[in-house]
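Notes follow once the structure below has been shown.
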Amino acid sequence: MSDWQTDPSWTRVFAPATVANVGPGFDCFGFSLGEPGDIVAARPSDRPGVRLLAIEGDGGVLPTEVAANTAGRAALSIWESAPELKPHGLELILAKGLPLCSGLGSSAASAVAGAMAAALVAADLVGLPYDRGRVLKAAIDGEQVASGTRHADNVAPALLGGFTIVRGEEPEQIARFEPVLPLAVAVVAPAYEVPTKAAREALPREVPLADAVANIAAAATLVLALTQGDARLLREALVDRLAEPHRAKLIPGFAAAKQAALDAGAYGCSISGAGPAMFALAPDDTVADAAAVAMARAFAARGIESIRFVTTISSQGARRP
Ligand code: HSE
């Protein structure tokens, strides 16, 4: 076991996987998953500046240069946000628990964990008040390094937990609630990567009015279904005419996997974030497990391996593990 896991000089923060978009809520909706997630360990050092000492669990593919790494960039943003931190140094270790480029909010989890760990160290070191807005902004800076755009629909639920609706980059521009309907989440991630940048480039710049209207109706219905606990409405709400039709082409096996989840009894199924992972909402673990198995079989029938798991929408966001 590496010493960052046990040595008390390290401040450790876990940030969970997230599902962004959630059907009709492109770039706005997201929810936090119970598992898995990334961990960032941070500790002060005498050498000014932020250094990323090691990355574990990434197969050696993530950039180790601080400003190019999502966790590093987020921590750097915290460090640059207060002049009193300038004479001090920060050391980081990133332990990846999430697969990369899979649509499960991997870059956001690293960014949130990096920002929160740096903010906690800064609070101990120079008494910088822990400020959620500062952490949120820094995490969005980190996310931007990976995806090329500033969007917070993974970052917000990774930080705050629950189901979030993002309107802007300030904490007060994020609505958060916890669904009252009992829900289990099936997640299946086919074993190939779709970079978020590529998935965003697959989207048209303009959309037909009828598609925009359909998504507005579905998004409103989804929130109503989850806040009022209306399972019948939920079955009608996981509809997306903005992103899903264009991104499905990047996910071989998508249509069969979605149909398999619905046939297994899921309320609905769509792409998780930019994909290729897919999620299905189900009334309980048994149905969610059946949906996950059915989706994985649909991919396997096309020669595509996948990982699958069943979890919940977690009320908890980033935290000390
Ligand atoms: N809303 C983003 C997208 C989430 O779908 O591109 C992925 O980062």
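The values are calculated or read from the model by the stated rules, or taken from the named source; none is laboratory data. Everything numeric in this text was worked out from a predicted model, so none of it was measured. Because the Cβ atoms are built from the backbone with ideal geometry, glycine has one as well, and the counts that use them run over all protein chains shown.
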Qualifying position, being more than 20 Å from Pro16 (Cβ to Cβ) and in contact with a strand residue (DSSP E or B) (Cβ under 6 Å, 6 or more places away or on another chain), among Ser32, Ser45:
Ser45
Taking the conditions exactly as written (within 16 Å of the ligand (Cβ to nearest atom) and among the acidic types (Asp, Glu)), does Asp38 satisfy them or not?
yes
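Conditions tested, residue by residue: (1) more than 22 Å from Leu233 (Cβ to Cβ); (2) buried (at least 24 other Cβ atoms within 10 Å of the Cβ); (3) modelled with pLDDT of 95 or more.
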{"residue": "Gln259", "(1), (2), (3)": "no, no, yes"}
{"residue": "Asp263", "(1), (2), (3)": "no, no, yes"}
{"residue": "Gly268", "(1), (2), (3)": "no, no, yes"}
{"residue": "Ser272", "(1), (2), (3)": "no, yes, yes"}
{"residue": "Ala277", "(1), (2), (3)": "yes, yes, yes"}
{"residue": "Ala282", "(1), (2), (3)": "no, yes, yes"}
{"residue": "Val287", "(1), (2), (3)": "no, no, yes"}
{"residue": "Ala291", "(1), (2), (3)": "no, yes, yes"}
{"residue": "Arg297", "(1), (2), (3)": "yes, no, yes"}
Any idea which residue in the stretch 246-274 is farthest from the ligand (Cβ to nearest atom), counting only those that are assigned to a loop (DSSP other than H, G, I, E, B) and either more than 20 Å from Glu35 (Cβ to Cβ) or touching a Cys at 6+ places or on another chain (Cβ under 8 Å) (or both)?
Gly265
Any residue in the stretch 85-104 that is more than 12 Å from Asp58 (Cα to Cα) and outside any strand (DSSP E or B) sitting within a Cβ distance under 8 Å of a residue that is within 16 Å of the ligand (Cβ to nearest atom) and among the acidic types (Asp, Glu)? List the pairs, counting only those 6 or more apart or interchain.
Ser102/Glu193
Condition first: small (Gly, Ala, Ser) and within 16 Å of the ligand (Cβ to nearest atom). Now tell me which residues in the stretch 275-289 satisfy that.
Gly275, Ala277
crowded, with 19+ Cβ neighbours inside 10 Å, away from the ligand (no atom under 16 Å from the Cβ), under 17 Å from Ala122 (Cα atoms) and over 13 Å from the mean Cα position of the chain (by Cα): does that describe Ser77?
yes
Show me the strands (runs of 3 or more DSSP E) entirely contained within the stretch 106-219 in which 3 or more residues are away from the ligand (no atom under 16 Å from the Cβ) and buried (at least 22 other Cβ atoms within 10 Å of the Cβ).
184-190
Of (1) more than 24 Å from Pro36 (Cβ to Cβ); (2) touching a helix residue (DSSP H, G or I) at 6+ places or on another chain (Cβ under 6 Å); (3) touching a residue at least 24 places away in the same chain (Cβ under 8 Å), Ala184 satisfies every one except (1)
Taking the stretch 299-321 and keeping residues without any contact (Cβ under 8 Å) to a residue 24 or more places away in the chain and either closer than 17 Å to Gly103 by Cβ or surrounded by 12 or more Cβ atoms within 10 Å (Cβ to Cβ) (or both) leaves Ala300
